[in-house]
Amino acid sequence: MLSNIWDQTANLTLIVILLRTLPPILLGALGGLMTDRAGVINIGIEGLMLVSAFMSIAVGSATGNWFLGVAGGTIASMLVSYGMAFFSLKMKVDIIIAGFVVNIFGAGITVVLMSIFYNSHGSFMPSVPVKIPNVVIPFLENIPVIGKLLSGHNLMVWICFLAVVFCFFLLYRTPYGAHLRATGEEPSAARSLGINVNRIQYSAIIWSGFFSGLAGAYLSMGMTSMFVRDMTAGTGFLALAVVIFGNRHPFGILAGSSIFALASALTMIIETTPGNVIPSQFIKMVPYVVTIVALVIYAIRKNRKTMLAS
């Protein structure tokens, strides 16, 4: 088994799988980052991703256009996130409860709509697959190592890297980002400076819906060409752990997401290794064990910094 992992690392297959599994974790974590920095915790990322995953494949199959599918799923996710913002910020419903409601809503409404429109309760695969395209770079494609690293990846892989740069620029190079971070650090002080805290938090939750929508669209139209019931499989909650592990910074989140994507890639390789005797249940635990270990390391590191500061 170890030799198989080494072989797939040497021929860059592991890196290719890592890049394939990275976008939903990274984009979901960026969505969690925007709300976290604004002082509102969005634990409804899982539900937002499910809504987007279903709407993307539904709109994409109806129109035959992958871009319209991604747009439809992302808009649906943003609309649900706006509803969550309305109930939590306007109606004063606890944000944690609102997030749980979104998760339950996402899991339930997708199954109901799939049953109504496609007469299925478990999965839906369009008769004509609609998929987010891969980006092939002609002059790099045939170069032995560089070609495999840089060419042939799904478009959403490159979008998620651009999203990291965008979030960094938005948070640290614009007045809006300064207002958002001030709102999250000390809302009363932000209000005293004339910052509309409510509006900032509304926008942060909608940004979260946008990034979660891209993540969900990739699950159904990038990694696969179908929607499967509860296909997020805890990715939204994993993304929240990445926000903490990445120290609430876009580039830290990129590093943290890569670690978790690597764990998922190793899981896939171990599962497909010929003669593997490890039960699949134990193999599928790997990403979540890595999550626990990462959070323990983060807690130890934070406590050490606190002790040094005191």
Worksheet item: Take the residues of region 177-187 that are part of a helix (DSSP H, G or I) and over 23 Å from the mean Cα position of the chain (by Cα): which is surrounded by the fewest Cβ atoms within 10 Å (Cβ to Cβ)?
Response: E185
Discussion item. Quick check on region 115-146: of everything there that is under 18 Å from G213 (Cβ atoms) and among the aliphatic types (A, V, I, L, M), which residue is surrounded by the fewest Cβ atoms within 10 Å (Cβ to Cβ)?
Written reply: V130
Fill in: Boolean, G108 is on the phi < 0 side of the Ramachandran plot, buried (at least 20 other Cβ atoms within 10 Å of the Cβ) and in a helix (DSSP H, G or I)
no
Discussion item. Take the conditions over 23 Å from the mean Cα position of the chain (by Cα) and in a helix (DSSP H, G or I) and apply them to A190. Does it pass?
Written reply: yes
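Results for (1) among the small types (G, A, S); (2) in contact with a Leu (Cβ under 8 Å, 6 or more places away or on another chain), shown as yes or no for each residue.
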| position | (1), (2) |
| --- | --- |
| A71 | yes, no |
| T74 | no, yes |
| F87 | no, no |
| I96 | no, no |
| M114 | no, no |
| G122 | yes, no |
| K131 | no, no |
Worksheet item: Restricting the first residue to region 283-310 and requiring it to be more than 15 Å from N247 (Cβ to Cβ) and polar (S, T, N, Q), which pairs with a second residue that is at pLDDT 75 or above and part of a helix (DSSP H, G or I) meet a Cβ separation below 8 Å and a spacing of at least six or different chains?
Response: T291/L238; T291/A241; T291/F260
Worksheet item: What are the residues in region 140-175 that are free of Cβ contacts under 8 Å to residues at least 40 places away in the same chain, assigned to a helix (DSSP H, G or I) and either more than 23 Å from T13 (Cβ to Cβ) or among the acidic types (D, E) (or both), if any?
Response: E141, L162, F166, F169, L170, Y172, P175
Discussion item. Residue under question is L254, and the condition is that it be over 18 Å from G32 (Cβ atoms) and either at pLDDT 75 or above or over 24 Å from the mean Cα position of the chain (by Cα) (or both); does it hold?
Written reply: no
Worksheet, complete the sentence: Among the residues of region 194-239, the number that are surrounded by fewer than 24 Cβ atoms within 10 Å (Cβ to Cβ) and part of a helix (DSSP H, G or I) is 12
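Of all residues in region 74-104, which are part of a helix (DSSP H, G or I) and over 16 Å from W207 (Cβ atoms)? Steps first, answer last, please.
Within region 74-104, the subset part of a helix (DSSP H, G or I) is 74-90, 95-104.
Of everything in region 74-104, those that are part of a helix (DSSP H, G or I) and over 16 Å from W207 (Cβ atoms) turn out to be F87, K90, I96, I97, A98, F100, V101, N103, I104.
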Response to the item:
Log entry, pairs with first residue in region 115-139 being touching a residue at least 24 places away in the same chain (Cβ under 8 Å) and of a type in the set (S, T, N, Q), second being assigned to a strand (DSSP E or B) and surrounded by 13 or more Cβ atoms within 10 Å (Cβ to Cβ), beta carbons closer than 8 Å, six or more apart or on different chains, reads S123/F227; S123/V228
Worksheet entry | Candidate set: region 40-71, residues that are under 18 Å from the mean Cα position of the chain (by Cα) and surrounded by fewer than 23 Cβ atoms within 10 Å (Cβ to Cβ); chosen: the one modelled with the highest pLDDT | A71
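The values are calculated or read from the model by the stated rules, or taken from the named source; none is laboratory data. Worth saying up front: this structure is predicted, and the values here are computed from it rather than measured. Cβ coordinates were reconstructed from backbone atoms using ideal geometry, including for glycine residues, and neighbour counts include every protein chain displayed.
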